[in-house]
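Trainee: This is the structure I want to talk about, given as structure tokens.
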Amino acid sequence: MAAINKTQIDTSFTPVTYDPQYILMVNNLKKYFPIKGGMISRTVGHVKAVDGVTFNLKRGTTMGLVGESGCGKTTTGRTILRLSGEKTGGQVLFNGKEVYDLSAKEMREMRTKMQIIFQDPFSSLSPRLPVGEIIGEAVREHKLVASEEFDDYIDRIMDSCGLQPFHKDRYPHEFSGGQRQRICIARALALNPEFVVCDEPVSALDVSIQAQIINLLRELQEQYKLTYLFISHDLSVVEHISDSVGVMYLGNLVEYGTTEDIFRMPLHPYTEALLSAIPVPDPDAKMNRIVLEGSIPSPANPPKGCKFHTRCEKCMEVCKYAAPEWTEVEPNHFCACHLYNSADAQARANETMKAEMAAQ
Amino acid sequence: MAKKKAEGYLSARESRRISRENRKITNAYEKQRKRKNVPENEYLTTMRDPNNAVEFDNLHTYFFTDAGTVKAVDGVSFEVPIGKTVGVVGESGCGKSVTSLSLMQLLQRPQGQVVDGAIRLNLGDKAYDVTRTPNEVLQKLRGHYVSMIFQEPMTALNPVFRIGDQINEVIELHDGEGQSAEDIKKRTIGLLEMVGIANSEGVYSMFPHELSGGMRQRVVIAMALACNPKVIIADEPTTALDVTIQAQILDLLRQLKNRINSSIMFITHDLGVIAEMADYVVVMYAGRVVERGTAADIFHHPAHPYTIGLMASKPVVGKKIDKLYSIPGKVPNPINMPNYCYFKDRCEMCVDGCDGEYPCMISLSETHQVSCYRYYDGKEEK
């Protein structure tokens, strides 16, 4: 199996070199899931869950990753952490080391540095373990603290996440949603990580509890100098917590920039539509909504050319044939759209279009 | 053994005793409900205001559980005017859904019972008090005059029946007299087109799992609208959907409401959605209405500390704040509610009077009412 996967690894990307100001460098990352079919379960196609994602994440900052469900946000997070098998292509440099080149032993050490907080606090905690064990299991496994200091260490972590020491002997079902999410956060932080993937940590919570958890995440970030990759579909939460934002559509990043840039001056038509769809809690607010027609196409059979062209308001002829290039439109503001092409990118796109049209 | 001392601990004997007593109470209610040939004058009433589609009047819905009585809805009063949308906001467990289920009389029986109060439903020529209406009459009302759009479109649709059959069933039951199967099919396809499904003939013979979340929610909406209901209850219809799909569904609901001129009771915890959809807003907390008014009243002049807290704890796009406000503490235990204001323990704006019993509703203006001691002086008590 592994041999088959090895041959499929896509090497068509220009490798990046390590820049110490970035804790995480993701370069053209791809992750395809095979679709099995037929009698001998041959691979009949691929679900292109992540199809070329590129971004760099600075130390101590938060990057928000937004998009509709099924666009590959979560898979991106998991692929970065090497949680879903082998990648299909691209690079993930964590502190300058390629995550997928590490041996099992090195990976084990690396795991303490990169952690994840899962979406649903109701299904991500083992119902059979007391909370102290849930939080402490990995600490003991990795021998991070001496056994005599173990209890104090767990108490300290729990305290910083707003849990009481007597909660240690209780089981997850005795806690409310907000408390459970605190346990999940404590479990991730107990390993003293540098980088945490927060996969929709507040989506399952009530508004007032959401605020508590968001505030907690920000306090912990300052205290422990953490770097977050914050995956969410709630744009107002992402705007509040992030320094930079990436917008995903069907396995691709379509726009990446600082929070200011994305929310004040969105470039990509998809970002514009997404922003205009946010309900504003003001009954007098003027509605100037771009309603996207239809829903997200299947990632197993994405549209040709620009993947967004089937729903785009500003769709041009070239969009139907040539995929747009990832360009830096303004300093540190990237976008993949033919509207913002440079002259030579435009020429390349036109050539592709002609070739495609001739082929038909 | 530490557990025995913990608050809320019940011995097995105690629990058995409660359960026995509950059975007595609920049996009495069920007996009342199961009577046959109830005379009409027992459940027909008159509306307080003929312009209202629904009136909730001091509704009490309790759940008799083995751990004690949960007062899920404890004295809720508000009106849904004809042709208007009323938004009900609150956190999970505040009784929003139970209020709507009481109107539909779809409570989990026999534990859940409406113990007091009335829900008056205006059908033009007749007005029903649904809490006293026998089941056979209710079956004719449900789905026909009052219908519900459920939160989770996947669980609301039956996975083993085709979409068309599921919508046909509603029409056959309520409006199908003298119509042929062909007519009903035509009407179903018309409904699917109305809710914006392009491939309506195809979707007619599909199963729910073949559709995406947004499409399923459209089907559920089509089913709810099948008989042109007078009242539509939308219980968090967009919570499970993406923002872009949410925008589509909200647009659709608004258009359809205007077309068939029905009233919508819109339940959600998203203040943004409420601001967009609702004409009137009801804020609930721990089974009671803490504030109600027009959308402008609630969003521009929130009066109750809970409403103010709720607004401040939601980040808003375009407003930069350093730290989100979070309401301290948590919702009181529904089995042992305090005998003072339920929000007092979490409130940061307490005044002297707060130690007294639960505050009653104070009118701030003609449309705006709040239940809080901060507004007692100078205002007449209602």
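Just so you know, all these numbers are worked out from the coordinates, no wet-lab data involved. None of these values were measured; they are calculated from a predicted model. Positions of Cβ are backbone-derived with ideal geometry, glycine not excepted, and every protein chain shown enters the neighbour counts.
Trainee: Calculate the mean, over all residues of peptide A:234-241, of how many other protein chain Cβ atoms lie within 10 angstrom of the residue's Cβ. Can you show the working numbers first?
Mentor: Details: counts 4, 3, 8, 4, 2, 6, 10, 2.
Across A:234-241, the average partner-chain Cβ count within 10 Å equals 5.
Trainee: Rounded to whole Å and ordered largest first, report the semi-axes of the equivalent ellipsoid of the protein assembly as shown derived from its Cα gyration tensor (root of 5λ).
Mentor: On the way: eigenvalues 427, 244, 128 Å².
That gives 46, 35, 25 Å for the three semi-axes.
Trainee: Taking the Cα centre as origin and putting +1 on Lys and Arg beta-carbons and -1 on Asp and Glu beta-carbons, what dipole magnitude results for the range A:154-285, to the nearest 20 debye?
Mentor: Details: 9 positive and 19 negative charges, 122 e Å.
Dipole of the range A:154-285, to the nearest 20 debye: 580 debye.
Trainee: Rank the residues A:198, B:360, A:312 as a footprinting-exposure proxy: fewest other Cβ atoms within 10 Å of their Cβ go first.
Mentor: Numbers: A:198 27, B:360 11, A:312 20.
Going from sparsest to densest Cβ surroundings: B:360, A:312, A:198.
Trainee: Right, something else. Under the classification rounded if a/c is under 1.5, otherwise prolate if a/b is larger than b/c and oblate if not, where does the range B:52-164 fall, given a ≥ b ≥ c as square roots of the Cα gyration tensor eigenvalues? If you can, show how the numbers build up before the last one.
Mentor: Working: a/c = 1.41, a/b = 1.06, b/c = 1.32.
In terms of gyration-tensor shape, rounded.
Trainee: Between helix A:177-189 and chain A, what is the angle of the helix's C-alpha long axis to the longest principal axis, kept within 0 to 90° and rounded to the nearest 10?
Mentor: Approximately 90 degrees, to the nearest 10.
Trainee: Express the relative contact order of chain A as a whole percentage, based on alpha carbon pairs under 8 Å and six or more residues apart in sequence. Intermediate values should be presented prior to the final figure.
Mentor: Working: 612 pairs, mean separation 64.6, N = 360.
For chain A, the relative contact order is 18 percent.
Trainee: Give the distance, in whole Å, between the Cα centre of the range B:192-208 and the Cα centre of the range A:320-360.
Mentor: 36 Å
Trainee: Give the relative contact order (percent, whole number) for chain B; include only Cα pairs under 8 Å separated by 6+ residues. Show your work: numbers first, answer last.
Mentor: On the way: 661 pairs, mean separation 67.3, N = 382.
With pairs under 8 Å counted, the relative contact order is 18 percent.
Trainee: How would A:25, A:110 line up from fewest to most surrounding beta-carbon atoms within 10 angstrom? Display every interim value, and only then the final one.
Mentor: Numbers: A:25 20, A:110 16.
In increasing order of surrounding Cβ atoms, one gets A:110, A:25.
Trainee: Another question, then. Order these peptides, B:223-233, B:152-162, A:97-107, B:135-145, by their mean beta-carbon neighbour count within 10 angstrom, highest first. Present the calculation step by step, with values, prior to reporting the outcome.
Mentor: Details: B:223-233: 22.6, B:152-162: 14.7, A:97-107: 12.2, B:135-145: 16.5.
So the peptides B:223-233, B:152-162, A:97-107, B:135-145, ranked by packing, come out B:223-233, B:135-145, B:152-162, A:97-107.
Trainee: Let me ask something else about it. Using modelled backbone amide H atoms (1.01 Å from N, in-plane), which distant-in-sequence or interchain residues come within less than 5 Å of residue A:60's amide H?
Mentor: Here the answer is A:227, since their amide H atoms fall under 5 Å of that of residue A:60.
Trainee: Which whole number gives the average, over all residues in B:179-186, of C-beta atoms from other chains lying within 10 Å of the residue C-beta? Working shown, then result.
Mentor: On the way: counts 0, 0, 0, 0, 0, 0, 0, 0.
Mean partner shielding for this stretch: 0.
Trainee: Here is a follow-up. Using a ≥ b ≥ c from the Cα gyration tensor of the range B:123-251 (square roots of the eigenvalues), is it rounded, prolate or oblate, where a/c under 1.5 gives rounded and otherwise the larger of a/b and b/c decides, a/b for prolate? Each step should come with its number before you reach the end.
Mentor: Numbers: a/c = 1.95, a/b = 1.29, b/c = 1.52.
Verdict is oblate for the range B:123-251.
Trainee: Report the charge-dipole magnitude of the range B:186-326 in Debye, nearest 20, computed about the Cα centre from +1 at each Lys and Arg Cβ and -1 at each Asp and Glu Cβ.
Mentor: Working: 14 positive and 13 negative charges, 40 e Å.
In total the dipole reaches around 200 debye.
Trainee: To continue, here is another question. Given axes a ≥ b ≥ c from the Cα gyration tensor, I'd like to know whether the range B:273-345 is rounded (a/c under 1.5), prolate (a/b larger than b/c) or oblate. Don't jump to the answer; show the numbers that get you there.
Mentor: On the way: a/c = 2.47, a/b = 1.33, b/c = 1.86.
The shape class here is oblate.
Trainee: How far is the Cα center of the range B:164-186 from the Cα center of the range A:250-266, in Å?
Mentor: For the range B:164-186 versus the range A:250-266, the Cα centre distance is 48 Å.
Trainee: Angle check, please: helix B:181-194 long axis (alpha carbons) against the longest principal axis of chain B (alpha carbons), in degrees 0 to 90, nearest 10.
Mentor: It is inclined by approximately 50 degrees.
Trainee: Let me ask another. Taking the Cα centre as origin and putting +1 on Lys and Arg beta-carbons and -1 on Asp and Glu beta-carbons, what dipole magnitude results for the protein assembly as shown, to the nearest 20 debye? Present the calculation step by step, with values, prior to reporting the outcome.
Mentor: Details: 84 positive and 92 negative charges, 396 e Å.
Here the protein assembly as shown has a charge dipole of around 1900 debye.
Trainee: What does the highest-first list of B:255-266, A:148-159 look like by mean Cβ count within 10 Å? Write down the numbers at each step before the final one.
Mentor: On the way: B:255-266: 18.8, A:148-159: 15.2.
In descending order of packing, they fall as B:255-266, A:148-159.
Trainee: Using the count of nearby Cβ atoms within 10 Å as a rough guide to exposure, how do B:373, B:43 rank from fewest to most? Let's see the in-between values first.
Mentor: Working: B:373 21, B:43 18.
The most exposed by this proxy come first: B:43, B:373.
Trainee: Then there's this: Over 18 Å between Cα atoms: which of A:48/A:304; A:168/B:330; B:140/B:230; B:230/B:257; B:24/B:140 fall into that group? All intermediate terms of the calculation are to be shown ahead of the outcome.
Mentor: Working: A:48/A:304 13 Å; A:168/B:330 20 Å; B:140/B:230 13 Å; B:230/B:257 10 Å; B:24/B:140 30 Å.
The pairs that break the limit, which is 18 Å between Cα atoms, are A:168/B:330; B:24/B:140.
Trainee: From the phi of every residue in the range A:316-328, what ³J(HN,Hα) in whole Hz does the Karplus formula 6.51 cos²θ - 1.76 cosθ + 1.60 yield, where θ is phi - 60° and glycine or proline is x?
Mentor: Residue by residue, the range A:316-328 yields 10, 4, 5, 4, 6, 10, 10, 6, x, 8, 7, 10, 8 Hz.
Trainee: Give me a single rounded figure for B:309-315: the average over its residues of other chain Cβ atoms within 10 Å of their Cβ. Walk me through the numbers before you get to the answer.
Mentor: Numbers: counts 3, 5, 2, 2, 9, 9, 12.
The shielding value for this peptide is 6.
Trainee: Among B:204-212, B:114-122, what's the highest-first ranking by average C-beta atoms within 10 angstrom per residue? The partial results should precede the final answer.
Mentor: Numbers: B:204-212: 15.3, B:114-122: 20.2.
Output ranking for B:204-212, B:114-122: B:114-122, B:204-212.
Trainee: For chain A, can you list the cysteines whose C-beta has no other cysteine C-beta under 4.7 Å from it?
Mentor: So far as the 4.7 Å Cβ criterion goes, A:71, A:161, A:184, A:198, A:335, A:337 stand without a partner in chain A.
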